[in-house]
Amino acid sequence: MQELVTAIRNRSALLFVGAGVSMNLGIPSWRELSAHIAGKLGMDPAEFAQMGDDQTLAEFYAIQTGSFGPLRSWMDVEWHRDAAEKVRRSDIHRLIVELKFPLIYTTNYDRYLELAHEAAGVPYTKVSNIGEMTRLDATATQIVKFHGDFDDDGSIVLTESSHFERLTLDAPLDVKLQADLIGRVALFIGYSLSDVSVRYLLYRLHKLWHGSSYANARPKTFVYMGRPNPVQARVLGSWGIVPLFCDGDDVGEGLCQLLATLKREADLPGPAVTLGPVAVPSAPAKAAPRTAKRPRRKPRD
């Protein structure tokens, strides 16, 4: 992992955060989301769950109701109950902030990464659409909401069709991620790499490098998978990706140990971060400002 340690020390590494990190905070599962959707549609939750996968069920809800707003509001409220306390107690989020990644991508819709940076007093800029790419601050961490953000219904990738549309890899955030991954060492955390659009993007990058005379210059990509999985290890390894596993049964604790090891070996300057009190916004009725407030920046129009 020396290449990853060096990239973290030089503040050039990219972190990609998946669902497993947020699940550690007690966010409702897809099964609970499916049950809520079934209730809103007047259907039996157990039967409804057997009628399709998560994306198809969300697609059905969108077709039946014609509006994603109420579901987004429910998710926002349910996923952020006691959010300030959850962030304060999360060693994983504290370590993410302490590792000082300049670029953090996430498929999670929730605000926990943003709240962790706010609680630590670390400036960040949230990016969930092409317009926000024009307002990046080189001195602040970028938190890129790869599958959208609760502040913008139109940005959320949840339904089957929205996942299909991302497979073209020509959406602004797809283009940005490809460009960022070409030149950076990356660490994916989330206990799996199951999102088909992300896997396809990584496969495309592998083919791009494999067919190049500069393949030896390719920065490494590491994926924390949690429990050992020889199938995933073999498949990802064939794409030039390095899988990382934990030794014990607690994959969350294993991730904590991994991040702590990276911090120790990178020997980053500065004191340990303390996550203090933070104000948690209520579910927005309309799009809210997406850039963390910093005194040196002018307010948005």
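Things worth noting here:
- Enumeration of residues in the stretch 208-239 that are touching a Cys at 6+ places or on another chain (Cβ under 8 Å) and assigned to a helix (DSSP H, G or I): none
- Wholly within the stretch 3-76, helices (runs of 4 or more DSSP H) carrying at least 2 residues that are under 25 Å from Gln142 (Cα atoms): 19-23
- The residue that is farthest from Val122 (Cα to Cα), among those in the stretch 136-163 that are of a type in the set (A, V, I, L, M, F, W, C) and in contact with a Leu (Cβ under 6 Å, 6 or more places away or on another chain), is Phe146.
This table checks each residue for (1) among the hydrophobic types (A, V, I, L, M, F, W, C); (2) out of contact with any strand residue (DSSP E or B) (no Cβ under 6 Å at 6 or more places or on another chain); (3) surrounded by fewer than 13 Cβ atoms within 10 Å (Cβ to Cβ); (4) more than 30 Å from Ile130 (Cβ to Cβ).
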residue: Leu158; (1), (2), (3), (4): yes, yes, no, no
residue: Phe164; (1), (2), (3), (4): yes, yes, no, no
residue: Ala171; (1), (2), (3), (4): yes, yes, no, no
residue: Asp174; (1), (2), (3), (4): no, yes, no, no
residue: Ser192; (1), (2), (3), (4): no, yes, no, no
residue: Leu202; (1), (2), (3), (4): yes, yes, no, no
residue: Leu205; (1), (2), (3), (4): yes, yes, no, no
residue: Ser213; (1), (2), (3), (4): no, yes, yes, yes
residue: Ala233; (1), (2), (3), (4): yes, no, no, yes
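Table: residues versus (1) at pLDDT 95 or above; (2) under 28 Å from Lys86 (Cα atoms); (3) among the small types (Gly, Ala, Ser); (4) buried (at least 16 other Cβ atoms within 10 Å of the Cβ).
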| position | (1), (2), (3), (4) |
| --- | --- |
| Thr6 | yes, no, no, no |
| Ala13 | yes, yes, yes, yes |
| Gly18 | no, yes, yes, yes |
| Val21 | no, yes, no, yes |
| Ile27 | no, yes, no, yes |
| Arg31 | no, yes, no, no |
| Ser34 | no, yes, yes, yes |
| Asp54 | no, yes, no, yes |
| Ser67 | no, no, yes, no |
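- Evaluation of Leu259 against the conditions (1) among the hydrophobic types (A, V, I, L, M, F, W, C); (2) without any contact (Cβ under 8 Å) to a residue 40 or more places away in the chain; (3) surrounded by 16 or more Cβ atoms within 10 Å (Cβ to Cβ); (4) in a helix (DSSP H, G or I) shows that the sole unmet condition is (2).
- The lone exception for Pro228 - which of (1) modelled with pLDDT of 95 or more; (2) surrounded by fewer than 14 Cβ atoms within 10 Å (Cβ to Cβ); (3) within 23 Å of Ser22 (Cα to Cα) it fails: (1)
The values are calculated or read from the model by the stated rules, or taken from the named source; none is laboratory data. Treat the numbers as computed from the prediction; the structure is a model and nothing was measured. Backbone-built Cβ (ideal geometry, glycine too); neighbour counts: all protein chains shown.
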